[in-house]
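This report refers to the structure that appears directly beneath it.
The values are calculated or read from the model by the stated rules, or taken from the named source; none is laboratory data. The shown structure was predicted, so the numbers you read here are calculated from the model rather than taken from an experiment. A quick note on method: Cβ atoms are made from the backbone with ideal geometry, for glycine too, and the neighbour counts reach across all protein chains shown. Just so you know, the surface numbers come from the protein's heavy atoms only, side chains and all, with ligands and any DNA or RNA stripped out. Shrake-Rupley method; radii C 1.70, N 1.55, O 1.52, S 1.80 Å.
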Amino acid sequence: MQNLSRRGVLTLGAALGLTAVADPTRAWAWSSTESIAGTDAVTDPWSVWDDATDPLVASLLTNGQIPAVNTAFDSWVNNGDALPAGLPAGLTTYLQQVNTLPSWADPVKLLQGAQFNKRMSLYLFLLYGLGSGIMSTVIPREARNVYWSAGGAEMRSRAAKTFTYGYDLSAPDAFQPTGHFVVTSNKTRLTHAAVRHLLPQSPAWRSVTDDQDFRPISNGDILITFHSLGTFVYGRLNSWGIRMSATEQAAYLHMWQVALHLLGVRDDFIPASWAAAKQQSAYALTPILAPTPEGLDLAGILLGLTAQIDLGVTRGFLNEFVRYVLSDKIGDWLKLPRDLVSRGLIEVGWPAYVAFREGLSPILPTGFSMFDKFVRALAMLFLNNGTSPSYTPITIPTGNRPG
Ligand code: HEM
């Protein structure tokens, strides 16, 4: 946690809408009393991985069984689907245990969460894509892990797979038998377990990593990524003045709580409230943000892919929007060129656009159609990856990035 000075952390935390910022020199001090489990312990989540999954996947990789598993997984898509036939027995037994919602999942809240996703969809596409997606490149461990894993060399396909996850999570029937999200989460959890086995075999990754014991993707790392997604988006929606009922706020959190459980995060680390999530984010996410050569490369590729579609705005505008959403500090780390004219447009036009859309102002702002095209084009980019014939299923990797 030594990447930022205390002052820098406070400034960045405020810029990201994460107001409570803990002292980065202090050890993990987030008590599980604020968690779903409601226990009373202070356990370091960076030394917890996924004991239920990791040894199983390691043995499947060692025995060369993953390609056949990936093929069998092709037909396993809906939450209500039977497990595919012909899987290794150990994997079937494992999936029988984990391919289900946690006992504390609340079906009513999950439905309310789906309705909220629908109502917020345009903002969510924008914030997940240009906010969380780019923020992931200044989360050092995530950037290095993604860069040095197999998917790091194929970012178009990797981005499409990540969109699959986001699309499946945001679908109205995400947690229903016709939805995909429980299956997609299980495939992702298995993928993460494969990365834990594979990356330590990469000399290039070993030479740059600070991952504890050379084991990537701990529970703590997954929590950090959650905060760059759910907690960040929640904070931005609030700071943009978008009205959310108490029921909607609770439902959006609940959806992420279940998602974290399905990725193998222990219940005693999962925040029980938004207040607890913000506090955890202040400990876990804000102080560790930093640029890396790998993250710089990934951000360039991701923004390049986004700029290839017709957003109706210039590349300078796109760069400035990322700066606007994530802070100039992060924009500077990523060396995003300045375009102060676009920035002026955004500073004035975006709040006015949001106010008009939300019915908070009757005045149609100048630039409305430009902002509208921009957000709709981003949404289409996301939806095309999720629904077109190019729907990209998540597959378990069998190697690392060459090099
Ligand atoms: C793979 C989601 C946390 C590193 C994936 C995939 C998804 C995903 C959907 C499959 C797509 C693909 O294979 O590219 C998530 C979510 C997270 C999370 C929702 C937390 C809420 C993390 C963290 C790290 C990480 C904390 C590392 C610090 C990776 C890597 C891959 C991967 C290296 C494999 C890329 C490859 O195919 O080589 N993740 N992830 N993820 N994730 Fe995560």
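Quick look at the numbers
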{"quantity": "Whole-percent carbon and sulfur share, accessible surface of the stretch 293-387, 1.4 Å", "calculated": "62"}
{"quantity": "Sum of -39500 (n - 2.57) over DSSP H runs of 4+, divided by residues of the chain (222 nm, nearest 500)", "calculated": "-17000 deg cm²/dmol"}
{"quantity": "Cα centroid of the stretch 160-194 to Cα centroid of the stretch 92-142, whole Å", "calculated": "8"}
{"quantity": "Zero-based 5 Å bins, Cα pair distances in the stretch 160-235, whole percents", "calculated": "3, 14, 17, 21, 19, 13, 7, 4, 1"}
{"quantity": "Mean separation of Cα contacts under 8 Å (6+ apart) over length of the stretch 293-387, as relative contact order %", "calculated": "28"}
{"quantity": "Student exercise, the chain dipole from Lys, Arg, Asp, Glu Cβ charges, in Debye to nearest 20", "calculated": "820"}
{"quantity": "About the Cα centre, charge dipole magnitude for the stretch 293-387 (Lys/Arg +1, Asp/Glu -1 at Cβ), debye", "calculated": "120"}
{"quantity": "Distant-in-sequence amide H partners of SER35 (H built 1.01 Å from N, under 5 Å)", "calculated": "ALA272"}
{"quantity": "Whole-Hz ³J(HN,Hα) from phi, Karplus 6.51 cos²θ - 1.76 cosθ + 1.60, for the stretch 102-115, glycine and proline x", "calculated": "x, 4, 8, 5, 10, x, 5, 5, 5, 5, 5, x, 5, 5"}
{"quantity": "For the chain, built as a Gaussian network whose Cα springs stay under 10 Å, the top-fluctuating residue of GLY152, GLY166, GLY300", "calculated": "GLY300"}
{"quantity": "Alpha-carbon Debye profile of the stretch 60-118, log10 I(q)/I(0) at 0.16, 0.25, 0.26, 0.30 Å⁻¹", "calculated": "-0.67, -1.04, -1.09, -1.27"}
{"quantity": "Surface per residue (accessible, 1.4 Å probe) for the chain, Å²", "calculated": "40"}
{"quantity": "Chain lengthening between SER245 and THR93 when straightened (0.36 nm per residue, less Cα-Cα)", "calculated": "50.6 nm"}
{"quantity": "nm² value of the averaged projected area, convex hull over the Cα atoms of the chain", "calculated": "18.8"}
{"quantity": "ASP297 - accessible surface, heavy atoms, 1.4 Å probe, Å² rounded to 10", "calculated": "70"}
{"quantity": "Rule-of-thumb Rg ratio for the stretch 86-235 [Cα; 2.2 N^0.38 Å; N residues]", "calculated": "1.12"}
{"quantity": "Mean-position separation - Cα centroids, the stretch 252-286 and the stretch 306-375, in angstrom", "calculated": "29"}
{"quantity": "GNM flexibility winner over the chain from SER202, SER136, SER361 (Cα, springs under 10 Å)", "calculated": "SER361"}
{"quantity": "Calculated from backbone phi, Karplus (6.51, -1.76, 1.60) coupling profile of the stretch 125-131 in Hz, x at Gly/Pro", "calculated": "4, 4, 6, 5, x, 8, x"}
